Structures are given as C-alpha cells and as structure tokens.
Amino acid sequence: MKDEKNLFLLRVCAASAAAMSTTACSVGDVSDLFAFRTTSVDDDLTIRTSDGRVFRGDPGSIEIRAPLPNGPPAMASVTLSTADRRGYGLSIAFDISTETLLERSFSVALSEGYSGGTLAYLSQSGASIIGPGTLSLRTSYGKLNGQFETADDAFPVGTIEGRYEVVCLVLPEMLGATPNGEASQGTWILVEDEAKTSKFCQTFAGL
C-alpha cells in the first residue's frame, strides 16, 4: 500500500508542478505539493467548468513509453495542466494502454484513491482530489476535446479543448544506439525519439 501511495503522490506532484509552473518534486516534498503558487496563464489548453470558471495552460502532454525487456508493456501517460487567472490549478493525469490511445476516443474513471485517473484542484488553501467520476477524451492530429463528470458539487461537469504534444520514449537500441542496459535493478534508460524514426514510435507518428 505504501508503494501505491507513493505512486499516487508522484502523479499528483507531476500534475501540480506543471500547473503551477514549478520544478519537479518528489514524494519527500509532499508538504510543498500542497503549497499555493501563482502561475502564468496560457491558452493552448482550456478547461471550462459548469459555473463559468476557465482554466488555461500549455498543450497537454502524451508521453508514450516503449515496452521494457521482461518488464511493463508499452504505456501512455496523459497530463493536462491548467490554471485560472488567480493561479488556482486544475490538472488531470492518467495512464492508458497504447492500444487504447490509438483508438483516439476513450473514457477513464476518475478516482479519489490510488488507481484510475486523477483530477486535482490546487488553490491557496491546498490541493484536493476530485472524484469519483468519468473523463472522456477524443484526440486527432494534435487537437483534443472532451469532458469530465464527477460527484463533486464544486466540479460536477467540465469541458476540455485544446492542443496536445506527443513524446515517444524508447530504449537506445531501438534508435540504433549502443544498449545502455539497466540503470539499476528494474530501472531502464529511455531516450526520446523526436523524429519518431523507430519502428515502435512510427506507430504513433500520426497522432
């Protein structure tokens, strides 16, 4: 359970750091995770709630990771990080299989616990996880749109619209480089295939 909690905190930490324009943090910085910080507001990504609040941010991120030898299968991590003009943030983070990602239309359960997608609201008083609920997204050639519905009175419904960027990470040997092997027990070095020239990343070149 401790490991699951740490993974959950790291996911919220990553979304929080992006929304608040901060550097990355670790599980050891949990107290800092709940600290309020102001942020600049961009408009590559927009989330609107049913009460008229508008949250904007940089393009959403889809990070695709190649399967590891004798390890986890290929996976995609999606992060949407936004903030309003006060600096209050609204962030979404979840993992899906690459097969689901290629369908371009999918739904994810939003959870208040350690599994499923995470919808987090960050304000001056701290961070809160919103849920349970459902997130639906459609992706097409760098543009996304969708909505979320939750059982939370403050965030019952929200719409999502904007752009996203795809990052594809592979083992060095998939790009013809010398294998680096394991960085440590169960930890592998991955590099970005920016041009998507590897056989694995070519599958996602049209996203």
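The values are calculated or read from the model by the stated rules, or taken from the named source; none is laboratory data. What you see is a predicted model; the values in this text were computed from it and never measured. With ideal geometry, Cβ positions are generated from the backbone for all residues, glycine too; neighbour counts draw on all protein chains shown. Just so you know, the surface numbers come from the protein's heavy atoms only, side chains and all, with ligands and any DNA or RNA stripped out. Shrake-Rupley method; radii C 1.70, N 1.55, O 1.52, S 1.80 Å.
GLU149: farther than 15 Å from ILE47 by Cα, at pLDDT 95 or above and either out of contact with any Lys or Arg (no Cβ under 6 Å at 6 or more places or on another chain) or in a strand (DSSP E or B) (or both), yes or no?
Considered against the rule, which asks whether it is farther than 15 Å from ILE47 by Cα, at pLDDT 95 or above and either out of contact with any Lys or Arg (no Cβ under 6 Å at 6 or more places or on another chain) or in a strand (DSSP E or B) (or both), GLU149 comes out as no.
Among the residues of region 31-59 satisfying the criterion of being open to solvent by less than 70 Å² (accessible area, probe 1.4 Å) and in contact with a Pro (Cβ under 7 Å, 6 or more places away or on another chain), which is modelled with the lowest pLDDT?
ASP44
Within the bounds of region 96-104, is there any residue that is in contact (Cβ under 8 Å) with a residue 24 or more places away in the chain, in a strand (DSSP E or B) and not hydroxyl-bearing (Ser, Thr, Tyr)?
no
For the condition charged (D, E, K, R) and modelled with pLDDT under 95, what is the one hit in GLU112, GLU103, GLU63?
One residue alone meets the criteria, GLU112.
For region 62-114, which positions are among the hydroxyl-bearing types (Ser, Thr, Tyr) and either open to solvent by less than 10 Å² (accessible area, probe 1.4 Å) or out of contact with any helix residue (DSSP H, G or I) (no Cβ under 8 Å at 6 or more places or on another chain) (or both)?
Just the residues of region 62-114 that are among the hydroxyl-bearing types (Ser, Thr, Tyr), to begin with: 77, 79, 81-82, 88, 91, 97-98, 100, 105, 107, 111, 114.
If the condition is that a residue be among the hydroxyl-bearing types (Ser, Thr, Tyr) and either open to solvent by less than 10 Å² (accessible area, probe 1.4 Å) or out of contact with any helix residue (DSSP H, G or I) (no Cβ under 8 Å at 6 or more places or on another chain) (or both), then SER77, THR82, TYR88, SER91, SER97, THR98, THR100, SER105, SER107, SER111 are the ones that fit.
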